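The values are calculated or read from the model by the stated rules, or taken from the named source; none is laboratory data. This one's a predicted model, so the numbers in the text were calculated from it and none came from an experiment. Virtual Cβ from ideal backbone geometry, glycine too; neighbours counted across all protein chains shown. What goes into the accessible areas is simple: the full protein's heavy atoms, side chains included, and nothing from ligands, DNA or RNA. Shrake-Rupley method; radii C 1.70, N 1.55, O 1.52, S 1.80 Å.
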Amino acid sequence: MRSVSRYLLAILTCGLAFLRPAAQCPMRPDPGTVVQDALSLRSVNGVLNAELTMRHSVDTGGFNHYCLNHQTDKGDVESPTLRLNQGDHLVLDVKDRIESADDSAGMGMDMSGLPVCGDTGTPTLSSTNMHFHGLNVPPICHQDDVLTTLLQPGKPAFEFNMQIPKNEPPGLYWYHPHVHGFTEFQVNGGAAGALIVEGMEKLRPQVAGLTQRVFVIRQQYLVPWVPGPYQLTINYQVAAFPTFPDPIIEMKPNEKQFWRVANATIQDFMPLQVQFNGKPQKLQLIALDGYPLAKPRFEDTILLPPAGRAEFIVQAPPQNNEAIFISLAYSTGPTGNPDLQQELAKIEVSKDADETPATTQETQKTKPAEPAPRTSMGSIKFAGLSKQKPTALRKLYFSEEFGGTNGPIQFYVTVDGQKQKVFEANEKPVITTHVGAVEDWIVENRALETHAFHIHQIHFLLTEVDGKPVKDQNLRDTIEIPFWEGPGHPYPSVKLRMDFRDPTIAGTFVFHCHILLHEDLGMMHKILVLPK
Ligand SMILES: [Cu+2]
């Protein structure tokens, strides 16, 4: 459910669309063209040093674009894929050059009393920062801290500087702005990109030598916060068949490819399928949320909540077959927004499918299998979590409250026994634990709408759904909790094993719903992990 309280801002923004600043963001691909991967930036000698500039423009259709631009000799490209190895350093200089006049929106949080990290002032729609979703790195200034990091327009670049842990699981992560109150607007505008920790082939030789595709699915509303039609995009190409022709993914007949798909939408739950002549095909699922599965398995539908990632092997059909990549419809409940079925791309099978379709953008090949030592699952973060004895059991719940006829809807995530309240920047942590703890959290949904639970800094093991043990226990960083069906029905729930053993994640960070409107409206709280 979208909040009525934001209509005012929406109307304001609609008005501002007429005062279009000169296009600051790169052109996005035309509908019906071949889907290109983003430019990859790779670490060299253990360091990936890159610059990104956040800009804003409005396209001819009235869609707001927020773009994280990277300068190349051939012009600016947006949201490059950052590729690093375990143990590498990421040094990212980010500048905020948003020139829109949206600051009058004045929805900023009071950050007084908080330490300053970056620029001072009140957050506005022209402020930004960066969250490295899924990375298990410290929640401190210049690393992955969304609570105090603030970049203001026109100020010098802010440096993010962090080491990818040596035991970080290889896989697909992503980065996006996370200024509380404005996250939805900027991610809706497209400011999000993929980050890959290399080395999946060492753990999962099935992917070795395959052509690798990175598909970032985004969602754009004309004006976020207003109910109504939206468009999905795949690598920035609008996927709105039949209004527009389908984006095209090229494959060779029967070719196997390794697809790495990020749900970078603001609120879409996506049951993904690859269909040949209308029939769902078996996809070999390798990893979820950047964490390799204990055992790869075949699935015909892979459900990705907003912010979720899936990495899987797709085999193309023989020549002369029709194949599509599709997101099925998904019900988010009586007060949720409908997630409609949408073809994401048409798979065109041809013997001469080009493996490197563009000049500034490129298709990757996973490294061939090496006889060299393979990494074992026991050597990556969170290994053996299922065998740990939990040190605490907590219960949390999502809930919504209607504020009368025209009142705003409040969105809460609450520790059972505490008072329901929306997030405030200078609030105290609602949970305090310590390094070394392993906790079981039951997270219930007491709202008539599906929510997506996400916690920063760690992954968790999904052990139970609705009180029943899960057969395939996977490590996740975002998980859907379906809507409550109302009085007389039990609350849907998940049981998650939270791993706070790693001393590098000590500090204060957040957990929240990854429907970004809900997060912006306060369905979020802080947790403090004390050092040992
Ligand atoms: Cu939510």
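Could you please find all residues in the stretch 516-532 being within 14 Å of the ligand (Cβ to nearest atom), at pLDDT 95 or above and either open to solvent by 10 Å² or more (accessible area, probe 1.4 Å) or under 28 Å from Lys389 (Cα atoms) (or both)? Met524, His525 - these are the residues of the stretch 516-532 that are within 14 Å of the ligand (Cβ to nearest atom), at pLDDT 95 or above and either open to solvent by 10 Å² or more (accessible area, probe 1.4 Å) or under 28 Å from Lys389 (Cα atoms) (or both).
Note on the stretch 318-351: residues that are acidic (Asp, Glu), touching a residue at least 60 places away in the same chain (Cβ under 8 Å) and assigned to a loop (DSSP other than H, G, I, E, B) amount to 0.
Looking only at the stretch 397-420, decide whether some residue is within 16 Å of the ligand (Cβ to nearest atom), crowded, with 23+ Cβ neighbours inside 10 Å, under 14 Å from Ile527 (Cα atoms) and within 23 Å of the chain's Cα centre (by Cα). Yes, some residue in the stretch 397-420 is within 16 Å of the ligand (Cβ to nearest atom), crowded, with 23+ Cβ neighbours inside 10 Å, under 14 Å from Ile527 (Cα atoms) and within 23 Å of the chain's Cα centre (by Cα).
When the strands (runs of 3 or more DSSP E) confined to the stretch 129-229 are screened for residues that are farther than 30 Å from Ile347 by Cβ, those reaching at least 1 such residues are found at 131-133, 158-163.
The residue that is most open to solvent (accessible area, probe 1.4 Å), counting only those in the stretch 427-443 that are more than 13 Å from the ligand (Cβ to nearest atom) and either under 21 Å from His518 (Cα atoms) or in contact with a Gly (Cβ under 6 Å, 6 or more places away or on another chain) (or both), is Lys428.
Pairing each residue of the stretch 114-125 that is touching a residue at least 40 places away in the same chain (Cβ under 8 Å) with any residue that is among the aromatic types (Phe, Trp, Tyr) and surrounded by 18 or more Cβ atoms within 10 Å (Cβ to Cβ), provided the two are 6+ apart or on different chains, yields C-beta distances under 7 Å for Gly118/Phe158; Pro123/Phe182; Leu125/Phe182; Leu125/Phe185. Just for the stretch 461-493: of the residues that are more than 13 Å from Asp289 (Cα to Cα), part of a strand (DSSP E or B) and more than 16 Å from the ligand (Cβ to nearest atom), which one is least open to solvent (accessible area, probe 1.4 Å)? Across the stretch 461-493, the extreme among qualifying residues is Thr463. Against the numbered list (1) open to solvent by 40 Å² or more (accessible area, probe 1.4 Å); (2) at pLDDT 95 or above; (3) among the charged types (D, E, K, R), Arg374 comes up short only at (2).
Take Asp502 and decide whether it is surrounded by fewer than 22 Cβ atoms within 10 Å (Cβ to Cβ), away from the ligand (no atom under 14 Å from the Cβ), acidic (Asp, Glu) and within 16 Å of Gly134 (Cα to Cα). For Asp502, the condition - surrounded by fewer than 22 Cβ atoms within 10 Å (Cβ to Cβ), away from the ligand (no atom under 14 Å from the Cβ), acidic (Asp, Glu) and within 16 Å of Gly134 (Cα to Cα) - is met. Any idea which residue in the stretch 444-460 is nearest to Trp484 (Cα to Cα), counting only those that are touching a Lys or Arg at 6+ places or on another chain (Cβ under 8 Å) and either open to solvent by 10 Å² or more (accessible area, probe 1.4 Å) or not in a strand (DSSP E or B) (or both)? My answer is Glu444.
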